[in-house]
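Contents: one structure, followed by commentary.
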Ligand code: ADE
């Protein structure tokens with residue numbers, strides 16, 4: 001999977017070289033190519049922004065500079081994404097579908113935004129990471145890259161994906177490790193039993209209870225077995 005990131009702050013993306021993504025990059029499972037939009041400025045001071053027509057606070061990124069940066073990586077098969085609070089909110093479903101692409105071009109705005117004409121010209125898919133405003137699209141782009149990369153083959157082991165929150169439609173069950181007793185709190189007996197079927201049923205019940213108490217609206221989209229329904233009935 002190739003990510004081309006168009007940004008004025010490529011240094012911000014260094015944090016992606018750690019841990020699981022760092023290993024995925026080393027193994028060439030993902031490729032994160034950072035394009036500094038400033039390199040495409042024709043101005044002798046490398047200016048990339050200017051004051052807004054009509055007045056108002058802040059600076060706006062120039063359309064010509066952004067467009068030249070975009071053209072340097074564009075290819076017809078690439079999916080182009082613009083990180084903006086005006087976009088559709090990112091979901092696990094969207095993450096999964098983006099992970100089936102081969103090439104994502106991600107445009108990050110900064111300051112007051114980007115001249116609308118280049119957005120109209122490129123016509124990217126607009127994606128938000130939530131209803132709050134950040135100083136730029138860089139952190140949202142990192143959220144997108146991290147969440148999508150987890151689905152790229154070989155980045156994680158398959159089980160972590162199928163068992164996790166949202167993939168089953170439910171929140172996760174609680175996890176425990178050593179020590180067996182911590183501040184008088186014990187690890188649930190069933191997890192030490194070695195009885196795989198009982199463990200599976202206990203975990204499913206805990207997932208259901210967790211979802212019911214923390215995010216009940218998620219249950220509307222989950223197909224419940226009779227055993228699931230009994231777990232939820234017993235909670236009331
Ligand atoms: N840029 C600024 N805030 C953002 C958000 N919430 N999502 C995506 N891009 C953004």
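Gain in length, residue 198 to residue 23, computed as 0.36 nm per residue apart minus the alpha-carbon separation, to one decimal in nm?
Numbers: separation 175, 0.36 × 175 = 63.00 nm, distance 3.54 nm.
Here the answer is 59.5 nm.
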- Message: Quick check: pseudo-label points 7 Å beyond the Cα along Cα→Cβ at residue 93 and residue 111, how many nm apart are they?
- Response: 3.8 nm
- the chain: antiparallel DSSP beta bridges as a percent of all, rounded to 5: 20 percent
- Message: Can you tell me the orientation of helix 138-149 relative to the chain, as the angle in degrees between its alpha-carbon axis and the longest Cα principal axis, to the nearest 10?
- Response: 50 degrees
- In a Gaussian network model of the chain with springs linking alpha carbons closer than 10 Å, the residue among 94, 79, 42 that fluctuates most is 42
- Query: Separation between the residue 78 and residue 172 pseudo-spin-labels, each 7 Å from Cα along Cα→Cβ, expressed in nm?
  - Reply: 3.4 nm
- Message: Running a GNM on the chain with Cα contacts under 10 Å, which residue among 56, 154, 130 ends up with the highest mean-square fluctuation?
- Response: 56
- Task: Over every pair of different alpha-carbon atoms in the range 163-235, take the mean of 1/r and invert it; report that Kirkwood radius in Å.
- Result: 13.3 Å
- Among 33, 183, 226: highest mean-square fluctuation, GNM of the chain, C-alpha pairs under 10 Å: 183
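Under the rule of -39500 (n - 2.57) per DSSP H run of 4 or more residues, summed and divided by the residues of the chain, what mean residue ellipticity at 222 nm is obtained, to the nearest 500 deg cm²/dmol?
Values: 8 runs with 78 residues, N = 236.
Helix-only estimate at 222 nm: -9500 deg cm²/dmol.
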- Helix 196-214 sits off the longest principal axis of the Cα atoms of the chain, rounded to the nearest 10 on a 0 to 90 degree scale, by 60 degrees
- Query: Which distance in Å, rounded to a whole number, links the C-alpha centroids of the range 151-220 and the range 117-141?
  - Reply: 34 Å
- Angle, helix 226-235 long axis vs. longest principal axis of the chain, Cα atoms, 0 to 90°, nearest 10? 90 degrees
- Query: If the label point is 7 Å along Cα→Cβ of residue 39, which residues in the range 1-28 have backbone nitrogen under 19 Å from it?
  - Reply: 2-17
- Query: For the chain, max minus min Cα coordinate along each principal axis, in Å, sorted largest first?
  - Reply: 71, 39, 39
- Return the distance in nm (one decimal) between the two label points of a simple spin-label model at residue 71 and residue 189, each offset 7 Å from Cα along Cα→Cβ. 7.3 nm
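Arranged from highest to lowest average of other beta-carbon atoms within 10 Å per residue, in what order do the peptides 82-89, 134-141 appear? Could the numbers behind the result be given before it?
Numbers: 82-89: 16.9, 134-141: 19.8.
Highest to lowest by the protection proxy: 134-141, 82-89.
Here, each number is a calculation from the coordinates, and none is a lab measurement. Everything numeric in this text was worked out from a predicted model, so none of it was measured. Because the Cβ atoms are built from the backbone with ideal geometry, glycine has one as well, and the counts that use them run over all protein chains shown.
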